[in-house]
């Protein structure tokens with residue numbers, strides 16, 4: 001694990017449609033918030049890590065160069081990491097590695113996206129290989145829906161039961177987003193609203209799917225020495241796991257998703273977690289699709305394979321349940337992709353430091369955050385704790 | 001300044017590409033022209049992958065043994081796509097699927113078609129998880145993945 | 001099988017809607033009125049063109065607007081003869097970085113009003129420090145090409 005590493009500050013923009021502000025200005029907005037939260041200035045920062053989804057999302061290649069000043073990187077070492085949807089966790093891990101290695105004491109990590117400036121599904125379709133799969137792909141929904149179908153078939157989950165549980169995931173995330181001032185979609189939805197919403201990619205309906213958001217997130221990592229000096233209540237990184245898979249969708253079993261499973265196992269091993277359902281207080285799962293949240297719950301060992309719908313229906317992952325998932329409203333209600341995985345981490349930091357406001361899970365001490373990316377291909381997990 | 005005064009620039013970025021297929025993919029497409037679906041077998045783990053790979057993604061071994069696989073297979077998963085987007089090649093609605101061809105160990109992404117796709121509930125009665133499908137060839141071959149026009153359910 | 005390895009040709013076309021935000025909206029509105037607008041950092045005093053919302057050096061707000069004289073001197077320039085896909089202007093042409101009077105940065109634009117057929121003459125006319133002046137396009141669209149080019153002062 002290297003040196004102990006803490007998160008000493010986080011920042012988020014108000015996510016949503018942001019035609020009022022240029023991309024660099026939006027990014028700079030979040031840097032100022034994070035620096036203020038940590039109580040430091042740019043002078044204290046040793047290096048900057050930035051990430052987005054494909055740069056083509058906004059039509060500017062290498063966005064980190066385009067707004068180096070907005071991320072505070074003028075005169076500092078700068079790195080860009082890009083792993084599609086899992087970018088947010090990748091950049092967090094990069095910041096962690098940088099400090100853990102002893103090569104830097106304070107690192108600023110920034111994730112951003114302005115999805116409404118491009119055509120998000122057209123851009124995401126360019127993530128697919130150009131020879132075999134791109135013509136059939138339909139952005140993210142096409143792939144994720146196939147995974148959900150495969151999962152229900154593999155574990156003999158009746159379609160109606162899957163539908164019911166997915167609707168409940170949607171209702172619960174939307175309820176949670178009402179408590180989150182940064183969330184993009186803030187509206188109450190009912191089970192019937194979800195089940196009757198427009199089909200996007202059968203059986204996935206509009207309210208099973210995340211929005212396209214503009215937004216940014218920044219997280220500041222610090223060494224133990226600095227953290228103890230600067231920050232009254234840091235969150236400590238206890239475990240990081242990341243795994244990749246083959247690029248062709250059909251070459252691994254997405255119903256048990258090896259990369260998600262192994263990334264979590266690696267993070268648990270480092271953090272010394274044996275029974276995640278009991279030991280974790282809160283989880284921020286990357287859930288752009290309702291059905292996928294259930295697959296992740298299984299991969300992360302929150303429940304046995306094929307039983308996530310039962311656990312969802314009995315309320316295990318709801319606010320007030322045994323392991324609340326996505327008290328922020330999750331990716332389902334806010335998805336500026338390059339920032340999303342980092343928002344998951346920032347939200348868990350707020351939870352274990354007691355700063356989550358109306359969405360606070362009472363007494364949360366240890367939390368899991370996660371992001372997924374590529375053609376169902378990458379998964380990253382981070383465990384944070386209030387204790388060193 | 002009022003909010004509506006903040007403007008937006010509309011633009012399009014068009015970038016041309018010439019992608020090298022390499023040996024394995026060139027040959028796979030050449031076989032399609034002859035209405036043959038060929039995979040490659042890994043000497044180490046013995047898995048047959050379609051589309052073929054020049055190396056095994058798990059063993060990292062060279063894959064040099066060509067194997068002809070069946071033109072029929074099993075639907076591992078499918079999706080009904082009813083979502084249009086900019087530059088989409090196939091017009092909605094359509095069905096994309098993962099098809100495990102007989103004799104192969106991976107899913108091939110392709111279309112399931114050959115029937116009326118307008119009503120999703122009717123489509124659900126025809127396309128089944130675990131159901132068998134069969135390749136339908138395009139008359140005119142271009143040496144690309146659409147030389148297989150689509151897969152149709154086996155009666 | 002043949003040993004001939006093929007290629008596939010294709011385009012990737014993606015549409016965009018770029019938000020200008022308050023600062024760049026005002027900058028481009030200025031061009032429509034044949035005004036080049038910059039902003040000044042209240043902390044370090046530097047003036048940047050195009051206008052910036054925040055100072056790239058201090059990261060502080062640049063709330064003070066400054067109208068900049070449409071004149072300056074060439075910091076560096078190059079003669080472009082290379083062609084590429086989707087190029088806005090057919091080569092040959094000259095691009096330059098120009099330091100406008102009273103600003104603390106370089107400004108990117110075309111140099112015009114120079115006979116490009118004679119390279120020797122171009123080299124004699126254009127030097128670091130050569131004074132240039134904006135030539136406005138008659139029809140304004142609130143975009144960077146509302147300035148047609150910069151021409152050397154006689």
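A short reminder: the numbers here are calculations on the coordinates, not readings from a lab. What you see is a predicted model, and the numbers here were worked out from it, not measured in a lab. Reconstructed Cβ throughout: ideal geometry from the backbone, glycine too, with neighbour counts over all protein chains shown.
Quick notes
- Reciprocal of mean inverse Cα separation for the range A:18-170 (Kirkwood radius, Å): 17.9
- Percent RCO, i.e. relative contact order, over chain C, from Cα pairs under 8 Å lying at least 6 residues apart: 19
- Value of Rg/Rh across chain C [Cα atoms, Kirkwood radius]: 1.10
- Number of partner chain Cβ atoms within 10 Å, mean per residue of B:70-78: 4
- Based on Cα atoms of the range A:1-88, Rg over Rh with Rh as the Kirkwood radius reads 0.96.
- Alpha-carbon gyration tensor eigenvalues x 5, square-rooted, for the protein assembly as shown, Å: 45, 35, 23
- Per residue of A:200-208, other chain Cβ atoms within 10 Å of the residue Cβ number 4 on average.
- Given R0 = 30 Å, the distance between the Cβ atoms of residue C:7 and residue A:3 translates into a calculated FRET efficiency of 0.05.
- Helix A:290-299 and the longest principal axis of the C-alpha atoms of chain A enclose an angle of approximately 70°.
- Note on the range A:98-242: the alpha carbon radius of gyration divided by the globular reference 2.2 N^0.38 Å gives 1.39.
- Distance from the C-alpha centroid of the range A:293-318 to that of the range A:224-289: 16 Å, rounded to the whole angstrom.
- Cα centroid separation, the range A:340-358 to the range C:91-154 (Å): 51
- Spin-label zone in the range B:16-39 - amide nitrogen under 11 Å from a point set 7 Å from the Cα of residue B:90 along the C-beta vector: none
- Between the helical axis of C:21-32 and the longest alpha-carbon principal axis of chain C there is an angle of about 90 degrees.
- Chain B: relative contact order in percent, alpha carbon pairs under 8 Å with at least 6 residues between: 19
- Highest average packing first - B:14-21, C:32-39, Cβ atoms within 10 Å: C:32-39, B:14-21
- The protein assembly as shown: calculated mean residue ellipticity at 222 nm from DSSP helix runs of at least 4, using -39500 (n - 2.57): -7500 deg cm²/dmol
- Pairwise FRET efficiency - residue A:224 versus residue A:76, Cβ, R0 = 25 Å, nearest 0.05: 0.70
- In this rough spin-label picture, where each label sits 7 Å from Cα along the Cβ direction, the residue B:60-residue C:139 distance is 6.0 nm.
- Highest mean packing comes first when the peptides A:136-142, A:164-170, A:283-289 are listed by Cβ atoms within 10 Å, giving A:283-289, A:136-142, A:164-170.
- A straight line joining the Cα centroids of the range B:98-155 and the range C:23-78 runs 58 Å.
- In chain A, Cα pairs under 8 Å separated by at least six residues give a relative contact order of 26 percent.
- Principal-axis tilt of helix B:22-33 within chain B, Cα atoms, nearest 10 degrees: 80
- When only alpha carbons of chain A are considered, Rg and Dmax amount to 19.1, 57 Å.
- Using every pair of separate Cα atoms, the Kirkwood estimate puts the hydrodynamic radius of the range A:134-177 at 11.9 angstrom.
- Inverse of mean 1/r across different Cα pairs in the range B:20-153, Kirkwood, Å: 15.7
- Inter-chain shielding of A:16-29 (mean C-beta neighbours from other protein chains, 10 Å cut-off): 5
- Using only alpha carbons, the range B:34-94 has a radius of gyration to Kirkwood radius ratio (Rg to Rh) of 1.14.
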